[in-house]
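Contents: one structure, followed by commentary.
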Amino acid sequence: MYPMSKPLIIRGGTIIDGRARAKPTRADILVVKGRIQKIGKPIRASGATVLDAKGALVTPGFIDVHAHSDIPALQDSSAQGRVFDGVTTELSGTCGLSLFPLTGATAPSRRKGLSKHGLACDWTTAADYFDVVTSYGTAINRGFFVGHGTVRASVVGYEGRRATIKEIDHMAGLLSESFEQGAFGLSSGLCYPPGCFAGRREMTALCKVAAEFGRPYVTHMRSEGQSALSAIRETLGYGRATGVPIQISHLKIAGRGNWWKFDRVMALIDAAKADGVDVAADRYPYLASQTGLATLFPDWLMDGGAEKALARLTRPSTRRKLMAYIRRTHRRKDLWGTIQIARAKGRAEAFEGMTVQDAADHMGLPPQDALFEILIASKMNCSAIYFNMSEDHLVQIYKRRDVMVGSDSCSRSLTGPTAEGQPHPRTFGTFARFLSHYVIKKKLLPLPAAIAKITSQSAKRFGITDRGHIKQGLRADLAIFDPATLRDNATFEKPFQLSSGMRHLLVNGVAVLKNGKETGKRPGVVLRA
Ligand SMILES: [Zn+2]
């Protein structure tokens, strides 16, 4: 499973070992057979490869707890953007979207959708999918959550209705199977179809299964803006009812008109924790989100899938209803200038990189009509970047002990099949930005505490026992970087930019980055919970 490699010495670096109060220490590290064998100074071993770490920090490799690399894991084994950002492990299958289990009535259409990416997807279960990822090879370690949306699609399809008791039992069975095969937790995306059609009975039953396995419930909540307070109450309610550990994905309050709810949300989380609910969260270090353009609208638009939504969008009465909804939920005059088209399929591709306002000016239409045109031209296949968050909230969120860092993006490279569209800059710059901007420059946290957040704390949260610390006997996932030159370079305008400052990166004891250059090695493995 793990590749054989020559002994390796990391010489002369300053080690921050992953503990929140670690004292930075100058020492060498000896790596043998993928594991940390010795920490001390100076270390000599004949025949060992030596990596120079003078002037650099040596930390555990970073763990991205919120990734969407389910498809890229089968398209691009290099994970180039991640590697330059210091990430050695990522957890995908978030927001309710995993690529397993693929069964039931919707499986054929989902397979067809995936085949558009040139993927022959003949797998059904988690175990099958893990085998396919493994056979494809990977530079970094990858773990996966099982997505509630995928499980629901397999059993209920995309109909906008509650599940029956029998269907819930069926879902629970698929969930158990995924957990037995190593899925790290149950993820949900309750603002997206088909997750948005699930009621509390269904979610409680499924959280109970996760609790029995000791795996967390990782949730993109039903609302992060308009209905954020009821959404957080719902989420914490699952923790109270079932004992499942709760992981709130990309914690935020979206929309200036909703920012006042932030303190209430934090107070509700703290009250639940005081009552013994195990709650944690993650966040990316940016003030804009990226998601489907259609999420601007209420759930009923997508009932029955994209085809039905497109038909609805052609009706003037429906358009009027949708616009009234937007006016109610987004009370800001400059709204259309704060929404940037990220990725649009088909005829709408020309609008990538423009705001809805830009596109409207371009088409000579009022913005709301331009929005409908883009959705129709892209067949609802359009994502957008929403500039809607508060810097002050971000600072408060990162200061919390229970918050980790997750990029909420897929691993991509500057070339190949993943080099397309206009992704959010978090795709390339999350960890370099967190450390260089928020920790080193703004001094939000002491450096060892910040390193702990992105290494040991994340590993502990998801039950990854042999990574996340620099300690004898653990897997040698190591990031060696120069804190003075570490920088994120990806921007909203030009997202395809690698981070700089990463000198070496070791995954299972093998350098995937050496002296700032990719080695072409693929030592990563699929992690199983
Ligand atoms: Zn999400």
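Rule-based calculations on the coordinates, nothing more; no lab input. What you see is a predicted model; the values in this text were computed from it and never measured. So basically every Cβ, Gly included, is an ideal-geometry build from the backbone, and we count neighbours across all protein chains shown.
Restricting attention to the stretch 266-285, the residues that are in contact (Cβ under 8 Å) with a residue 12 or more places away in the chain, in a loop (DSSP other than H, G, I, E, B) and surrounded by fewer than 22 Cβ atoms within 10 Å (Cβ to Cβ) total 3. Under the condition of being of a type in the set (A, V, I, L, M, F, W, C) and in a loop (DSSP other than H, G, I, E, B), the residues counted in the stretch 295-339 number 1. Total residues in the stretch 145-185 satisfying the condition of being in a helix (DSSP H, G or I) and of a type in the set (A, V, I, L, M): the figure is 9.
Residue check: is ALA267 under 30 Å from ARG332 (Cα atoms) and either acidic (Asp, Glu) or out of contact with any helix residue (DSSP H, G or I) (no Cβ under 9 Å at 6 or more places or on another chain) (or both)?
yes
Summed over the stretch 469-491, residues that are closer than 18 Å to MET502 by Cβ and in contact (Cβ under 8 Å) with a residue 24 or more places away in the chain total 14.
Consider the stretch 270-324 and keep the residues that are of a type in the set (Ser, Thr, Tyr) and farther than 23 Å from HIS393 by Cβ. The one that is farthest from the ligand (Cβ to nearest atom) is SER317. I'd like the residue in the stretch 220-233 that is part of a helix (DSSP H, G or I) and within 16 Å of the ligand (Cβ to nearest atom) and, out of all such residues, is surrounded by the most Cβ atoms within 10 Å (Cβ to Cβ). Step by step, filter the stretch 220-233, then rank; the result is ILE232.
One residue stands out in the stretch 234-265 among those that are of a type in the set (S, T, N, Q) and either on the phi > 0 side of the Ramachandran plot or part of a helix (DSSP H, G or I) (or both): the one that is nearest to the ligand (Cβ to nearest atom), namely THR235.
Evaluating ASP408 against the criteria (1) buried (at least 24 other Cβ atoms within 10 Å of the Cβ); (2) acidic (Asp, Glu); (3) on the phi < 0 side of the Ramachandran plot leaves one unmet condition, (3). The residue that is nearest to VAL65 (Cα to Cα), among those in the stretch 441-482 that are outside any loop (DSSP other than H, G, I, E, B) and touching a helix residue (DSSP H, G or I) at 6+ places or on another chain (Cβ under 7 Å), is ILE454. The residues in the stretch 5-37 that are under 18 Å from ASN515 (Cα atoms), in a strand (DSSP E or B) and of a type in the set (Lys, Arg) can be counted, and the count is 1.
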